[in-house]
Amino acid sequence: MKKFLIISLVFLIALSSLYAQDAGRFAFGARAGLQIGMGKAHDDFNAFINGSDVKLEVWPCGDLALYGIYGFTDNIALQTELNFMIGQGRLCRDTSITTDYVKITYSSLDIPLLLKINFSKTQSRYGILGGPYFTLPLGQASVTYEGFINPNEKTGINAPNTGFTVGFYYRGLAIQNLRWGIDARYIQDFGYSTLKKITVIDATTNNSVAISDFGFINRRGIVFTVGVEYSL
């Protein structure tokens, strides 16, 4: 019995040392995953692809995030991120001729400021987070034409965008202050991404025409990521 009590005491001490309080502590982490897009096209883009046989398609893009957290209490924290969204965009395809399509892709850096609420009182963590984000374009957008006489082109993206994200998170048991975790979020831009110019072909004259300030897409999507987190 005495031996059992000693073993139990050692186990409890070890378990309590693994349990990390969050109040007044910093944590850093990294995540990677996919964004599944549900974006809304701008009127400029709808007019550009107007046609009964045109189909709009979206596809998953890559997501890589680096983030930092400060815990005000064990249940409330502030989290900020550098969230790299790689290869997002839209594809419009002529379904009557499967080889004809126009694809526009671009990458961006989202910088959110998130309020994080922890519902767990155990070593694991789960809860909700949400807040605004600021978006900066990374490089230029790529416009690819397949089956058209347009040349493929690169074009800049105009002023930065803003948006809002909200979601759920889970962090597993800590081992030496290191946790694994998963996130699921909904993101939505407040405005539309705008291309500096895009080249179209006039159907009557067959001449190329450059359209400036071309409204493109308002991002709406679900982001799934997994990663690791280290507490100081």
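Odds and ends about this structure:
- The condition of being modelled with pLDDT under 95, part of a loop (DSSP other than H, G, I, E, B), of a type outside the set (Gly, Ala, Ser) and in contact with an Asp or Glu (Cβ under 7 Å, 6 or more places away or on another chain) does not hold for THR122.
- Filter result for ASN158 (surrounded by 14 or more Cβ atoms within 10 Å (Cβ to Cβ), within 21 Å of LEU34 (Cβ to Cβ) and not β-branched (Val, Ile, Thr)): no
- Residues within region 163-194 that are at pLDDT below 90 and of a type in the set (A, V, I, L, M, F, W, C), tallied: 3
- Filter result for GLY131 (farther than 27 Å from ALA41 by Cβ, at pLDDT 90 or above and surrounded by 15 or more Cβ atoms within 10 Å (Cβ to Cβ)): no
- So ALA141, is it among the small types (Gly, Ala, Ser), at negative phi, in contact (Cβ under 8 Å) with a residue 24 or more places away in the chain and part of a strand (DSSP E or B): yes
- Of all the listed residues (ARG185, ARG179), the sole one being crowded, with 16+ Cβ neighbours inside 10 Å and over 21 Å from GLY37 (Cβ atoms) is ARG179.
- Meets criteria (assigned to a strand (DSSP E or B), of a type in the set (Gly, Ala, Ser) and farther than 17 Å from GLN79 by Cβ) for ALA184: no
- Residue pairs whose Cβ atoms lie under 7 Å apart, sitting 6 or more positions apart in sequence or on different chains, and linking a residue in region 154-183 that is under 20 Å from THR80 (Cα atoms) to a partner that is outside any strand (DSSP E or B) and aliphatic (A, V, I, L, M), are ASN177/ALA20.
- For PHE26, the criteria (1) more than 28 Å from ASN218 (Cβ to Cβ); (2) at pLDDT 75 or above; (3) surrounded by 15 or more Cβ atoms within 10 Å (Cβ to Cβ) hold in every case but one, which is (3).
- If you filter region 29-45 down to residues that are surrounded by 13 or more Cβ atoms within 10 Å (Cβ to Cβ) and assigned to a helix (DSSP H, G or I), you find that the one that is modelled with the highest pLDDT is ASP44.
- Yes/no for THR95 being among the hydroxyl-bearing types (Ser, Thr, Tyr), exposed (fewer than 14 other Cβ atoms within 10 Å of the Cβ) and modelled with pLDDT under 90: yes
- Some residue of region 198-214 being under 18 Å from the mean Cα position of the chain (by Cα), part of a strand (DSSP E or B) and either β-branched (Val, Ile, Thr) or over 25 Å from PHE72 (Cα atoms) (or both): no
- Flag for LYS103 being modelled with pLDDT under 90, farther than 30 Å from TYR230 by Cβ and among the basic types (Lys, Arg): yes
- Summed over region 46-81, the residues that are of a type in the set (Phe, Trp, Tyr) and at pLDDT below 75 give a count of 2.
The values are calculated or read from the model by the stated rules, or taken from the named source; none is laboratory data. Note that the coordinates shown come from a computational prediction; the quantities given were computed from them, not determined experimentally. Positions of Cβ are generated from backbone atoms using ideal geometry, with glycine treated the same way; all protein chains shown enter the neighbour counts.
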